[in-house]
Amino acid sequence: MNTNNTLYIVVPCYKEQEVLPETSRRLREKLKALQAQGKISDRSRVMFVNDGSSDDTWPIISRLHEEDPDVFSGVNLSRNRGHQNALLAGLLTAVNYADMIISMDADLQDDVNAVDEMVDRYHEGYEVVYGVRSKRDTDTFFKRFTAEGFYKVMKALGVDIVFNHADYRLMSKRAVEGLAQFSEVNLFLRGIVPQIGYKWTTVTYERAERFAGESKYPLKKMLAFAADGITSFSVKPIRLVFTTGVIVFVVSLFMLLYALISKLMGHTSAGWTSLMGSIWLIGGIQLLGLGVVGEYIGKIYNETKRRPRFIIESVLNKA
Ligand code: UDP
Ligand code: MG
């Protein structure tokens, strides 16, 4: 068994005072059980990240740490930065202490029992273990439809993403260090983690209902999240403009022909042919131009993200 076995469970919390007592109780139990089995070290912790909550979330986290510093630790963000940023803050803090990190929602929708299997996979040598929902019975039809549609659109746009995986996953220290090299500001972790590479696998779990409180992801945030995911990973929408430009341009040639023939046959009013021709031609050329400009903007966009060009897994070399 791998002796680098300090586990940190990172839990972003935004206004989660209703669920924290129960979440902390269950995670504490889980940590103790894994320690008793010798699968994780005594230095393992549950790390709550308070994402600028205005309720009692941080006082609760502080109290948990005071009462049981061997189990609970906390990170307090200066203000609300959103789920993905809170998660990253936790991962990058925990990586200083941990050998493996599991990220999990605070609301107990992610089945705590999947932790055992994730840790087992880590000991088998996997560096990234994705938690994948087996079914979505507890979600409303609307949430299920939009969420699954989102994964399909992402795939169609060429984004490497694990189907039905949210942000419940285990990452090794190395994998999180790889993540730290992605310096982009628009964070979409689900898309970035597959880019890191390393040996990965999935474990399935049943998604439960929120234990208490209400979703911190209203439709507006969900749409923004989806748009972020697509525009952070794909320049295909820009290509679409270009393709449309080409099509309109080709159509315009036919329209020109049609307008000329109509004119020659004499059943047009004055000015119609030139108007007809120029509207289509100009429209097509404009779209083409936009597409070309967009292509360069896409390049600039990708450059500014300064993503690492590679991450080396191992080197064989006799010096
Ligand atoms: N969350 C956060 N900051 C936010 C919104 C949400 O840290 O601005 C956390 C929240 O506390 C929870 C997780 O992100 O632990 C997922 O949020 P939620 O359960 O509300 O989303 P849903 O499951 O409804 O998609
Ligand atoms: Mg939830």
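The values are calculated or read from the model by the stated rules, or taken from the named source; none is laboratory data. Just so you know, these numbers come straight off a predicted model, no measurement behind them. FYI the Cβ positions are ideal-geometry reconstructions off the backbone, even for glycines, and counts take in every protein chain you see. Heavy atoms of the whole protein, side chains included, go into the accessibility calculation; ligands, DNA and RNA do not. Shrake-Rupley method; radii C 1.70, N 1.55, O 1.52, S 1.80 Å.
With springs only between Cα atoms under 10 Å apart, run a GNM on the chain and tell me which of Leu187, Leu87, Leu223 wobbles the most.
Leu223
Restricting attention to the stretch 1-99, which trypsin sites (Lys or Arg not before Pro) occupy a DSSP loop and are surrounded by at most 14 other Cβ atoms within 10 Å?
Counting only loop positions with at most 14 other Cβ atoms within 10 Å, the trypsin sites (Lys or Arg not before Pro) in the stretch 1-99 are Arg43, Arg79.
What are the ³J(HN,Hα) values, in whole Hz, obtained from phi via the Karplus relation 6.51 cos²θ - 1.76 cosθ + 1.60 with θ = phi - 60°, for each residue of the stretch 5-13 in sequence order, with x given for Gly and Pro?
Once rounded to whole Hz, the list reads 10, 8, 9, 10, 9, 9, 10, x, 10.
Applying 1/(1 + (r/R0)^6) with R0 = 22 Å to the Cβ-Cβ distance of Ala156 and Val246, what FRET efficiency is obtained, to the nearest 0.05?
The value I calculate is 0.65.
Give the aspartates and glutamates reachable from Lys15 as a straight Cα distance under 14 Å; neighbours fewer than 8 places away on the same chain don't count.
Lys15 reaches Asp51, Asp55, Asp56, Asp105, Asp107, Glu214.
Over the stretch 62-152, what percent of the accessible surface lies on carbon and sulfur atoms, probe 1.4 Å?
Ligands and nucleic acids excluded, carbon and sulfur reach 47 percent.
Could you work out how far helix 141-156 tilts from the main Cα principal axis of the chain, as a 0 to 90 degree angle to the nearest 10?
Roughly 70 degrees, rounded to the nearest 10.
Of the candidates Glu16, Glu184, Glu303, which one comes out as most mobile in a Gaussian network treatment of the chain with C-alpha springs shorter than 10 Å?
Greatest mean-square fluctuation among the candidates belongs to Glu303.
Quick check: the distance between the Cα centres of the stretch 209-227 and the stretch 89-114, to the nearest angstrom?
A separation of 19 Å, based on Cα centres.
Test of understanding: in a Gaussian network model of the chain with alpha carbons linked when under 10 Å, which of Phe249, Phe72, Phe48 would top the mean-square fluctuation ranking?
Phe249
Of Pro21, Ala180, Ala212, which is farthest on the positive side of the dipole of the chain, counting Cα position, with +1 on Lys and Arg Cβ, -1 on Asp and Glu Cβ, and the Cα centre as origin?
Of Pro21, Ala180, Ala212, it is Ala180.
Given axes a ≥ b ≥ c from the Cα gyration tensor, I'd like to know whether the chain is rounded (a/c under 1.5), prolate (a/b larger than b/c) or oblate.
Prolate, because a/c is 1.5 or more and a/b exceeds b/c.
Give me the angle, in degrees from 0 to 90, between the Cα long axis of helix 219-233 and the longest principal axis of the Cα atoms of the chain, rounded to the nearest 10.
It is inclined by approximately 70 degrees.
Subtracting the Cα-Cα distance from 0.36 nm times the residue separation, let me have the gained length for Ile311 to Thr140 in nm, one decimal.
Result for the pair: 57.6 nm of gain on full extension.
What residues have an amide H closer than 5 Å to that of Phe72, excluding those fewer than 5 places away on the same chain, when H is modeled at 1.01 Å from N in the peptide plane?
Val46
Go through the stretch 114-120 residue by residue and turn each phi into a ³J(HN,Hα) via Karplus (6.51, -1.76, 1.60, θ = phi - 60°); whole Hz please, and just put x for glycine and proline.
Along the stretch 114-120, the couplings run 6, 4, 4, 5, 4, 5, 4 Hz.
Once the Cα atoms of helix 236-264 and of the chain are each reduced to a long axis, what angle between those two axes, in degrees from 0 to 90 to the nearest 10, is obtained?
Compared with the principal axis, the helix lies near 10 degrees.
Hey, which aspartates and glutamates would be in cross-link range of Lys152, C-alpha to C-alpha under 13 Å, not counting anything within fewer than 8 residues on its own chain?
The qualifying aspartates and glutamates are Asp160.
Which value, in Å², gives the accessible area per residue of the chain when a 1.4 Å probe is used on the protein heavy atoms?
Per-residue value: 54 Å².
Over the stretch 212-319, with every protein chain in place, what whole percent of the accessible area is carbon and sulfur at 1.4 Å, could you tell me?
Roughly 71 percent, rounded to a whole number.
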